[in-house]
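Working notes for the structure below.
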Amino acid sequence: MADFDFPGGIHPPQRKTLSNRAPLRQAPLPKRVVLPLTQHLGLPAEPIVVPGQRVRTGEVIARAQGMISANLHASITGTVSAIEEHPVPHPSAALGEVRALCIIIDAEPDDQNDWLLMPPLDWRTSDDETLIDRLRESGIVGLGGAGFPTAVKAQVRQRHVIDTLIVNAAECEPYITADDLTLRSYAADVLEGAQLFARLCGAERVLIGIEDNKPEAIDALSQVLRKPAAADIAVELKIVPTRYPSGGEKQLVQLLTGREVPSGGLPADVGVLCHNPGTLLAALRAVRDGEPQIYRIVTLTGEALANPGNVEARIGTSIHELLAFSELQPEHLSRLVMGGPMMGLTLGSGALPLIKTSNCLIAATAEELPPAPPEQPCIRCGACEIACPASLLPQQLYWFAKGREHDKAELFNLFDCIECGACAYVCPSHIPLVQYYRASKSEIRAREQEAHKAEHARHRFEFRQARIAREEAEKLAKREARMKRTPAPPTPSTSSDTTTAQPETASTSADHAAQLRKLKIAQAAAKAAVKKAEKNLARISEARQSDKTELEDMETQLATARENLRATEARLTMLQAKNQEQDQETNPS
Amino acid sequence: MLELLTDNDIVAAIAALLGMAAVFGALLGFAGQYFKVEGDPVVEQIDALLPQTQCGQCGYPGCKPYAEAISQGDEINKCPPGGETTIAALADLLGREAKPLDGEAEDVPKIAYIREDECIGCTKCIQACPVDAILGAAKHMHTVIIDECTGCDLCVEPCPVDCIDMLPRPEYQVSAALIASDRQPGRLTGEATVHG
């Protein structure tokens with residue numbers, strides 16, 4: 001049904017019926033929530049509450065800092081009991097507990113409906129500025145997985161021209177049905193959210209990409225679309241065949257529009273913006289109802305749960321509580337996964353909080369997600385190349401990663417790997433390919449960081465050298481000046497340790513002239529260097545995207561250039577004074 | 001003159017070659033003067049490969065002087081912080097044979113920490129630091145800006161009360177990520193971190 005196709009892909013068992021039969025439920029209000037300060041990409045938010053303070057549901061408790069960051073709101077009414085390190089879900093959580101700073105709120109037993117809402121806005125009549133401010137204020141982040149702050153994404157117009165907004169409802173990973181249930185329950189709201197975003201980014205059309213294994217959601221969407229509602233921007237429902245990973249951003253763009261996102265680029269580079277239905281719903285609620293992002297729809301599934309399904313749960317609820325609500329049978333549980341079975345995280349314990357980006361919790365039995373069989377040698381069958389949705393050469397990358405030839409792996413576009421796991425899924429030798437790629441990627445990143453650090457240290461070292469040279473030159477100049485003021489003739493012992501003051505001979509005036517010329521050239525060069533450094537700094541600080549360390553390095557370079565200039569100036573004035581002195585000595589006689 | 005040239009092939013050929021030699025010689029001489037490169041570009045390239053800890057373990061007062069020495073023909077295996085990777089990169093750049101490291105390589109990158117209650121505020125470490133990473137004033141406590149410290153060791157020696165410790169750099173304790181489709185921790189996880 002789709003007009004275009006993407007390469008590769010696999011068909012893992014769906015297992016979605018486990019959770020998509022029950023209607024959407026409300027999870028009970030938690031007695032205590034743990035809210036990590038980093039639930040998004042970018043810098044952590046900065047707490048603005050203190051322990052002991054009473055907060056109302058929806059109140060801002062931590063403010064975004066920096067360009068890419070998001071506000072955090074209290075998800076229950078209660079008292080802030082602590083701001084401390086607490087285990088959080090993190091990619092490396094399986095290796096041991098990862099702790100991060102969290103705000104912990106204990107609920108008040110009685111008054112749970114004490115909300116602090118923002119005034120409702122009508123998005124059709126408000127201007128873009130107001131809407132983007134509202135999104136920023138509400139702490140909305142992309143609910144699909146990466147948690148990119150939505151307000152930043154909404155400003156895409158500043159850099160790119162967008163013609164198509166894609167609602168990514170493919171939900172291709174097995175088990176997860178959160179988007180499915182979101183669409184079934186709130187189809188009209190999601191579509192209104194899409195209209196809102198289409199207006200913000202200037203898109204001419206909205207495409208909804210949905211896999212054909214979600215007939216109820218498709219029905220709900222087409223019912224809303226059939227109504228002659230005030231759909232200002234054309235909406236098209238595109239049903240795509242069920243295939244993993246059609247919900248990958250780049251894959252879906254290719255599937256729906258036929259445009260390929262360039263290597264290392266973003267969908268915005270080809271005029272497309274993707275949003276998850278959950279994000280659109282949250283954004284609409286933030287604008288229309290003034291509700292910040294304090295709850296989300298999460299799938300609770302897996303065969304170790306007696307009562308699986310989708311729930312609307314407050315952010316910060318403990319995972320234990322949610323699993324208990326779904327009647328977890330602890331004796332059957334072998335593995336707990338946050339996210340999907342292909343790309344999700346294996347959790348070490350259930351004592352972690354639900355965060356904005358957690359779309360699914362799988363409580364799997366041992367039969368369901370068995371431990372992987374032992375790794376065998378690669379037989380070069382090429383099955384991974386057929387499965388790769390990014391048209392990479394997985395086995396080649398595997399050889400490079402294993403042989404630690406990271407620069408070659410980079411040449412083979414390792415960084416275009418979306419880590420979907422399709423290659424590892426089809427591998428007959430059960431090689432955990434993605435694991436190798438991830439290790440290789442992290443090593444390359446570490447190396448890059450190391451190189452940056454070395455560069456930074458070099459600038460600081462150069463600055464120090466320049467400063468010492470300047471101090472030396474100034475000291476020398478001062479000493480010369482002092483000696484000139486005192487009528488006593490310079491003794492050879494004081495002048496012997498300086499480099500420029502040489503014993504007076506017949507050839508000194510010629511020497512001085514040559515030195516003077518040299519110093520003048522040096523001064524001109526230093527002046528040019530200062531100008532260049534100033535220009536570079538101005539350019540960098542204008543391009544707001546550049547990071548802090550780069551700016552700092554530029555500043556150090558500028559300071560170094562200035563030190564150099566001052567040093568040469570000090571030397572120059574000293575020499576000129578000396579020449580004058582000599583002229584006075586020679587001329588009167 | 002013209003007749004002599006047209007009649008005598010050999011003379012014409014020699015004259016043409018001489019003329020061309022003169023023209024190109026002048027051109028090259030001009031280019032050599034006009035496009036003269038200040039400094040040695042190889043030194044810059046070598047300097048870029050060195051780890052910039054400015055530790056002086058190579059016997060030179062910083063990475064740039066060592067880079068200059070290498071370009072003059074010094075050995076490429078005198079940089080312990082860079083280790084084998086730096087030697088391999090230098091051998092690659094200069095077309096020389098890679099040699100085993102002269103000295104002992106560090107196992108993990110370290111940085112300096114001052115035990116602050118023992119510091120007497122003598123400023124000796126501040127003067128020794130090649131990257132201005134130590135903060136403090138005379139008779140006041142000093143401290144290391146850990147983000148700027150390169151772990152060069154140079155501040156340890158001058159300290160009169162031995163209150164500086166070299167400890168592993170914090171970010172190196174973080175390890176590789178694991179996702180659900182990954183095998184359980186064990187085999188591969190160490191590999192991503194031991195390096196670097």
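The values are calculated or read from the model by the stated rules, or taken from the named source; none is laboratory data. Keep in mind the model is a prediction, meaning the values are calculated, not measured. Using ideal geometry, Cβ is built from the backbone for each residue, glycine included, and neighbour counts are taken over all protein chains shown.
So which residues in the range B:51-77 are facing another protein chain (nearest Cβ under 10 Å) and buried (at least 18 other Cβ atoms within 10 Å of the Cβ), if there are any at all?
Listed by number, the residues that qualify are B:Pro51, B:Gln52, B:Thr53, B:Gln54, B:Gly62, B:Cys63, B:Lys64.
Got at least one residue in the range A:235-242 being touching a Lys or Arg at 6+ places or on another chain (Cβ under 8 Å), not hydroxyl-bearing (Ser, Thr, Tyr) and not in a loop (DSSP other than H, G, I, E, B)? Lay out the reasoning, then the answer.
The initial filter retains those residues of the range A:235-242 that are touching a Lys or Arg at 6+ places or on another chain (Cβ under 8 Å), namely A:235-236.
Imposing the further condition that a residue be not hydroxyl-bearing (Ser, Thr, Tyr) reduces the set to A:235-236.
Checking which are not in a loop (DSSP other than H, G, I, E, B) leaves us with A:235-236.
Yes, the range A:235-242 contains a residue that is touching a Lys or Arg at 6+ places or on another chain (Cβ under 8 Å), not hydroxyl-bearing (Ser, Thr, Tyr) and not in a loop (DSSP other than H, G, I, E, B).
When you check A:Leu411 against the structure, is it within 30 Å of the chain's Cα centre (by Cα), buried (at least 17 other Cβ atoms within 10 Å of the Cβ) and not hydroxyl-bearing (Ser, Thr, Tyr), yes or no?
no
Residues B:Pro100, B:Pro80, B:Pro41: which one is buried (at least 18 other Cβ atoms within 10 Å of the Cβ) and either away from chain A (no Cβ under 14 Å) or of a type outside the set (Asp, Glu) (or both)?
B:Pro80
Under 21 Å from the mean Cα position of the chain (by Cα) and under 26 Å from A:Leu345 (Cα atoms) - does that describe any residue in the range A:20-35?
yes
Just to be sure, is A:Ala401 outside any loop (DSSP other than H, G, I, E, B), within 14 Å of chain B (Cβ to nearest Cβ) and in contact with a Ser or Thr (Cβ under 8 Å, 6 or more places away or on another chain)?
Working: outside any loop (DSSP other than H, G, I, E, B): yes; within 14 Å of chain B (Cβ to nearest Cβ): yes; in contact with a Ser or Thr (Cβ under 8 Å, 6 or more places away or on another chain): yes.
Criteria met by A:Ala401.
Just one of the numbered conditions (1) surrounded by fewer than 21 Cβ atoms within 10 Å (Cβ to Cβ); (2) within 11 Å of chain B (Cβ to nearest Cβ); (3) within 30 Å of A:Phe4 (Cβ to Cβ) is not true of A:Gln396; which one?
The number of the failed condition is (2).
Specify which of the listed residues (B:Ala91, B:Ala48) is out of contact with any strand residue (DSSP E or B) (no Cβ under 6 Å at 6 or more places or on another chain), in a helix (DSSP H, G or I) and within 14 Å of chain A (Cβ to nearest Cβ).
Values: B:Ala91 fails: within 14 Å of chain A (Cβ to nearest Cβ).
Only one candidate passes the filter, namely B:Ala48.
Select, from B:Asp162, B:Asp107, the only residue that is at pLDDT below 75, away from chain A (no Cβ under 14 Å) and assigned to a loop (DSSP other than H, G, I, E, B).
B:Asp107
For a quick check of your reading of the model, give me the residue pairs whose first member lies in the range A:44-60 and is outside the structural domain of A:His73 (by TED's automatic domain parsing), whose second is part of a loop (DSSP other than H, G, I, E, B) and surrounded by fewer than 17 Cβ atoms within 10 Å (Cβ to Cβ), with beta-carbon atoms closer than 6 Å and at least 6 apart or on different chains.
So the pair list comes out empty.
Can you find a residue that is surrounded by fewer than 21 Cβ atoms within 10 Å (Cβ to Cβ) and free of Cβ contacts under 8 Å to residues at least 60 places away in the same chain anywhere in the range A:18-41?
No: the range A:18-41 contains no residue that is surrounded by fewer than 21 Cβ atoms within 10 Å (Cβ to Cβ) and free of Cβ contacts under 8 Å to residues at least 60 places away in the same chain.
Are any of the residues in the range A:351-360 under 30 Å from A:Ile315 (Cβ atoms), surrounded by fewer than 20 Cβ atoms within 10 Å (Cβ to Cβ), at pLDDT below 90 and in the same structural domain as A:Asn168 (by TED's automatic domain parsing)?
Yes: the range A:351-360 contains one or more residues that are under 30 Å from A:Ile315 (Cβ atoms), surrounded by fewer than 20 Cβ atoms within 10 Å (Cβ to Cβ), at pLDDT below 90 and in the same structural domain as A:Asn168 (by TED's automatic domain parsing).
Provide a single number: the residues in the range B:116-158 that are surrounded by fewer than 15 Cβ atoms within 10 Å (Cβ to Cβ), closer than 25 Å to A:Lys453 by Cα and in contact (Cβ under 8 Å) with a residue 40 or more places away in the chain.
Total meeting the criteria: 0.
The rows are residues; the columns are (1) in contact with a Pro (Cβ under 7 Å, 6 or more places away or on another chain); (2) of a type in the set (Asp, Glu); (3) assigned by TED's automatic domain parsing to the domain that holds A:Thr573.
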residue	(1), (2), (3)
A:Arg404	no, no, no
A:Pro428	no, no, no
A:Glu455	no, yes, yes
A:Phe461	yes, no, yes
A:Arg470	no, no, yes
A:Lys475	no, no, yes
A:Glu480	no, yes, yes
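For every residue, the table says whether it meets (1) facing another protein chain (nearest Cβ under 8 Å); (2) modelled with pLDDT of 85 or more.
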| residue | (1), (2) |
| --- | --- |
| A:Leu433 | no, yes |
| A:Ile444 | no, yes |
| A:Gln449 | no, no |
| A:Ala457 | yes, yes |
| A:Ile468 | no, yes |
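Residues A:Thr279, A:Thr299, A:Thr317: which one is hydroxyl-bearing (Ser, Thr, Tyr), assigned by TED's automatic domain parsing to the domain that holds A:Leu117, in contact (Cβ under 8 Å) with a residue 40 or more places away in the chain and touching a Gly at 6+ places or on another chain (Cβ under 6 Å)?
A:Thr279
How many residues, within the range B:92-140, are of a type outside the set (D, E, K, R) and under 20 Å from the mean Cα position of the chain (by Cα)?
Qualifying residue count, the range B:92-140: 16.
Kindly indicate the residue of the range A:413-422 that is assigned to a helix (DSSP H, G or I) and in contact (Cβ under 8 Å) with a residue 40 or more places away in the chain and also farthest from the other protein chains (Cβ to nearest Cβ) among those meeting that condition.
Top of the filtered list is A:Asp416.
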